[in-house]
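Worksheet: one structure, shown below.
Quick note: the coordinates plus some simple rules give every number you see, no bench work behind them. Model, not experiment: these values are computed from the prediction. Ideal geometry is used to build each Cβ from the backbone, glycine not excepted, and the neighbour counts take in all protein chains shown.
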Amino acid sequence: MNDLRELYQEVIFDHYRKPRNFGRLGMTNRKAEGYNPLCGDKVTIYLQVEDGIIRDAGFDGSGCAISTASASLMTDSLKGMREDEALRLMQEFQHMVTGTASGEGLGKLEVLAGVREFPQRVKCATLAWHTLQAALENQPQPVSMPVSTE
Ligand code: ZN
């Protein structure tokens, strides 16, 4: 288990140092901004959605290792996914990081399962996902994570 944890941490730091899909997309028809005041994480999610399918996904912003790695892993996972699948994945991810589900079957997103042991970091991990939801639902206001801890 310790080896696995170290491997997971390596993957998280790799995505932090070299975020995938970083930067605005050439073609974007959905966009939302999110902010996590607890940690200072900021993220903007860009999507290109056609016929209900996420053709491309990207993000920019600045934040801690967890928030950046989460946005990087998330945007990687979304490409080619239907909007409803993406929202279901968001819920499964949320259950994993809050500890109400194991996260088994979430593939590379499972590297963030360890966040459940650090409740104050859960919002860092879920910020990109809440912002994704706002982008898919065309919410005009930026997402601000509630300051209270769950
Ligand atoms: Zn953070």
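If you line up the long axis of helix 122-136 against the longest principal axis of the chain, both from Cα atoms, how many degrees apart are they, to the nearest 10?
20
With labels modelled as points extended 7 Å from the Cα through the Cβ direction, what inter-label distance (nm, one decimal) is found for Asn29 paired with Tyr8?
A separation of 3.8 nm, rounded to one decimal place.
Could you give each residue of region 56-68 its phi-based ³J(HN,Hα) in whole Hz, using Karplus coefficients 6.51, -1.76, 1.60 with θ = phi - 60°, and x for Gly or Pro?
Per-residue couplings from phi come out as 8, 8, x, 8, 9, x, 9, x, 6, 4, 5, 5, 5 Hz.
If you consider only alpha-carbon coordinates, what radius of gyration and Dmax does region 58-139 have, in Å?
In order Rg, Dmax, the Cα atoms of region 58-139 give 11.7, 32 Å.
How fast does region 1-58 diffuse by Stokes-Einstein, in µm²/s, taking the Kirkwood radius from C-alpha pairs at 37 °C and 0.692 mPa s?
In µm²/s, the coefficient rounds to 241.
Using helices alone, what [θ] at 222 nm do you get for the chain, with -39,500 (n - 2.57) per DSSP H run of 4 or more residues, divided over all residues and rounded to the nearest 500?
-13500 deg cm²/dmol
Report the far tail of the P(r) of region 2-141, meaning the percent of Cα-Cα pairs longer than 22 Å.
Details: 2952 of 9730 pairs.
Distances greater than 22 Å cover 30 percent of the Cα pairs.
Any chance you could run the full-extension gain for Asp76 through Asn138? It's 0.36 nm times the residue separation minus the Cα-Cα distance, nm to one decimal.
Difference between extended and current length: 20.2 nm.
Tell me which residues come under 5 Å, amide H to amide H, from Val49 once H is placed; ignore anything under 5 positions away on its chain.
Those qualifying (amide H under 5 Å, at least 5 residues apart or on another chain) are Asn29, Arg30, Arg55.
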